[in-house]
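The values are calculated or read from the model by the stated rules, or taken from the named source; none is laboratory data. Only a predicted model underlies this, so the values are computations on that prediction, with no experimental measurement involved. Positions of Cβ are generated from backbone atoms using ideal geometry, with glycine treated the same way; all protein chains shown enter the neighbour counts. Surface accessibility is based on the protein's heavy atoms, side chains included, excluding ligands, DNA and RNA. Shrake-Rupley method; radii C 1.70, N 1.55, O 1.52, S 1.80 Å.
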Amino acid sequence: MSYSTAYDDLAARFHRIGVIEDALGILHWDQATMMPEGSAPARAEQVATLSVLRHELLTAPEIGDLLAASGETAGEARDDGNNWQNANLREMHRTYLHATAVPGDLVDARSRANAACELTWRSARADNDYQSLLPSLQEVLALTREVAAAKSSALGLSPYDALLDTYEPGARSTAIDTIFADLAAFLPDFLQRVLDHQRGRPGPVTPQGPFPVERQRALGRQLMRAVGFDFERGRLDVSHHPFCGGSAGDIRITTRYDETDFTSSLMGVLHETGHAMYEAGLPEAWRYQPVGGALGMAIHESQSLLIEMQVCRSRPFLVYAGPLMKKAFGGSGPAWDLENLYRLYTRVEPGFIRVDADEVTYPAHVILRTRLERLMIEGDLEVADLPAAWNDGFAKLLGLTPPSDREGCLQDLHWYDGAWGYFPTYTLGAMTAAQLFDAAKRADPAIEPGIAKGDFKPLMGWLKTNIHSMGSLMPAKELLIEATGKPLDPEVFKAHLKARYLG
């Protein structure tokens, strides 16, 4: 079989797999937003069936034969100038290795367990009833350990690294441990310096609500449009936990509202808009091919955190958005002044909820979750002991003890929905975001003045050229070097924190 024939056959097969993944994305979005609870068994059947079908297509013996015919399984580098096609073969092979490591019956069982546990988590979180979740979570963890062991054997990685590689290709826990240990050593003293610095300034005045949901939604949509979100190819809805999902040409964002505090929802909307802009900017010519997909979750999270943290908590953004906020809620008085809003949006205060955390304390939330999920995967922490381990670790990192499991180990969806090995990418993404925004501003001085006028085109243009349109053409380390001139440098993130919070 010729190389071109083998490649064309592979491309057709992966296109079909990509379309199934899109369908699963829409089903998951519907499950989280609109699906009646009584429909859960039927939805679990649909998702499990499509997941198994995707797995069967991906693990078909013909895929291995076609990859061998292309030379990819032998690791042969083709020097034919077709970088995108060669990178696509590389990503096909990586995806194939992950898929063939896991038996189809395990894929089916895990999909069903994840769907059931996610539904149970909703009521358990609302009722602050961790015990009711134990059987479901124990099943999810047991199946996740099976997946981790299978991938570990096939990929030659530790069980946890095998899961991590699913979300962040090439990442290893030893390197992450070094980065996180550095941050864990830096943050406590820095946090104290920031808190002392804040005490020397007037505290922010909190705008008083209520803030009607409809006005929050309208303001969120207005700012999404300013960033560049296309409502002809996407939606904004409500879910228990904010996320960006859907499909390649139909991007779905969700948030949750609190009528006493509009800032939490608004920052959530802008965070998810960063994810959406990345998805929308991926190379359309390679849609439904592995090389046309997101590079990894650290880059994905860098795009959401760049918008939310780097941009939307900056003075230039508030020059533009502050008056819109004031108008949306009929505000008046000093609470709506620019400097007060800036102090409010950059207020550092240790708290219990990760998605509401400030930039300084956010890494501690991620470090805690990363440590705990590794212990659970490695069998050194059972789910029955998770609440106590969570509270103990949280007290050590942030000096607080959660008043309930709702504010503790029940707050995030990830483990209950089967996403193990994901959490480290949040802080890797925050560090990457700081480095990218620093490079973008140096490359184009029009970026910050544009933001102050509500013009995001210079920034989004730079991101699309240097990040979004590159898909998975090259590994994340190489992409970051191409975009910024160096690999991930924690000192850039630290310099950003010092400039913003001690300046």
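Restricting attention to region 143-199, which residues are open to solvent by less than 30 Å² (accessible area, probe 1.4 Å), more than 30 Å from Arg347 (Cα to Cα) and touching a Phe, Trp or Tyr at 6+ places or on another chain (Cβ under 8 Å)?
Thr144, Ala148, Leu163, Ser173
How many residues, within region 227-261, are touching a Lys or Arg at 6+ places or on another chain (Cβ under 8 Å) and of a type outside the set (Val, Ile, Thr)?
Number satisfying all stated conditions: 18.
When only residues in region 280-304 that are in contact with a His (Cβ under 7 Å, 6 or more places away or on another chain) and open to solvent by less than 10 Å² (accessible area, probe 1.4 Å) count, which is farthest from Ala87 (Cα to Cα)?
Ranking the candidates gives Ser304 first.
So which of Arg221, Arg215 ends up being surrounded by fewer than 19 Cβ atoms within 10 Å (Cβ to Cβ), without any contact (Cβ under 8 Å) to a residue 60 or more places away in the chain and either touching a Phe, Trp or Tyr at 6+ places or on another chain (Cβ under 8 Å) or aromatic (Phe, Trp, Tyr) (or both)?
Matching residue, one of Arg221, Arg215: Arg221.
Quick check on my filter: what residues within region 467-485 are assigned to a helix (DSSP H, G or I) and open to solvent by less than 60 Å² (accessible area, probe 1.4 Å)?
His468, Ser469, Met470, Ala476, Leu479, Leu480, Ala483, Thr484
Taking Lys464, is it assigned to a helix (DSSP H, G or I), open to solvent by 30 Å² or more (accessible area, probe 1.4 Å), in contact with a helix residue (DSSP H, G or I) (Cβ under 9 Å, 6 or more places away or on another chain) and under 20 Å from Ala276 (Cβ atoms)?
Judged against the criteria, Lys464 is a match.
Determine whether region 309-316 contains at least one residue that is open to solvent by less than 10 Å² (accessible area, probe 1.4 Å), in contact (Cβ under 8 Å) with a residue 12 or more places away in the chain, of a type in the set (A, V, I, L, M, F, W, C) and not in a helix (DSSP H, G or I).
yes
Which of the residues belonging to region 232-270 are farther than 19 Å from Gly25 by Cα, free of Cβ contacts under 8 Å to residues at least 60 places away in the same chain and open to solvent by 20 Å² or more (accessible area, probe 1.4 Å)?
Selection gives Arg256, Tyr257, Asp258, Glu259, Thr260, Asp261.
How many of the residues in region 212-234 are acidic (Asp, Glu) and assigned to a helix (DSSP H, G or I)?
Residues flagged as acidic (Asp, Glu) and assigned to a helix (DSSP H, G or I) within region 212-234 amount to 1.
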